[in-house]
1. Condition check: surrounded by 11 or more Cβ atoms within 10 Å (Cβ to Cβ), part of a helix (DSSP H, G or I) and under 10 Å from the mean Cα position of the chain (by Cα). Does A36 satisfy that?
2. Can you confirm whether K41 is at pLDDT 90 or above and surrounded by 15 or more Cβ atoms within 10 Å (Cβ to Cβ)?
3. Out of everything in region 45-89 that is of a type in the set (S, T, N, Q), modelled with pLDDT under 90 and closer than 30 Å to F19 by Cα, what residue ends up being surrounded by the fewest Cβ atoms within 10 Å (Cβ to Cβ)?
4. Among the residues of region 2-31, which ones are surrounded by fewer than 12 Cβ atoms within 10 Å (Cβ to Cβ) and in a loop (DSSP other than H, G, I, E, B)?
Amino acid sequence: MARITVEDCLQRIGNENRFSLIHLAVARVRQHRKGAPFLVKGKNKECVMTLREIAAGKVTFGNIEELATQDFEQEKDTDASSDSTPTEQ
């Protein structure tokens with residue numbers, strides 16, 4: 001995969017403000033640290049993977065909050081399914 005650049009991300013979010021890009025990336029990194037899955041494939045560190053998500057258009061200012069709730073709902077569903085399995089006594 002080609003190198004990701006800040007310019008790629010800035011073009012995707014439609015804002016030439018690097019400060020705004022940092023805010024978006026930090027919000028997404030926090031979601032990853034709480035267990036959110038990456039939306040693109042790769043083997044890089046979380047900061048690079050987050051920039052790849054932004055450059056691919058998968059993470060925007062418009063959907064960052066929705067991604068947080070989706071991740072929470074997926075985690076909640078996973079917890080509920082693991083709690084419903086019977087245990088042996």
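1. Working: surrounded by 11 or more Cβ atoms within 10 Å (Cβ to Cβ): yes; part of a helix (DSSP H, G or I): no; under 10 Å from the mean Cα position of the chain (by Cα): yes.
So A36 does not fit the description; no.
2. On the way: at pLDDT 90 or above: yes; surrounded by 15 or more Cβ atoms within 10 Å (Cβ to Cβ): no.
No: the conditions fail for K41.
3. First, the residues of region 45-89 that are of a type in the set (S, T, N, Q): 50, 60, 63, 69-70, 74, 78, 81-82, 84-85, 87, 89.
Okay, now just the ones that are also modelled with pLDDT under 90, so 69-70, 74, 78, 81-82, 84-85, 87, 89.
Then keep just the ones that are closer than 30 Å to F19 by Cα; that gives 69-70.
Details: T69: 9, Q70: 14.
Across region 45-89, the extreme among qualifying residues is T69.
4. A2, R3, T5, G14, E16, N17 - these are the residues of region 2-31 that are surrounded by fewer than 12 Cβ atoms within 10 Å (Cβ to Cβ) and in a loop (DSSP other than H, G, I, E, B).
The values are calculated or read from the model by the stated rules, or taken from the named source; none is laboratory data. Just so it is clear, the structure is predicted and the values come from calculations on it, not from any experiment. Every residue, glycine among them, receives a Cβ derived from its backbone with ideal geometry; neighbour counts consider all protein chains shown.
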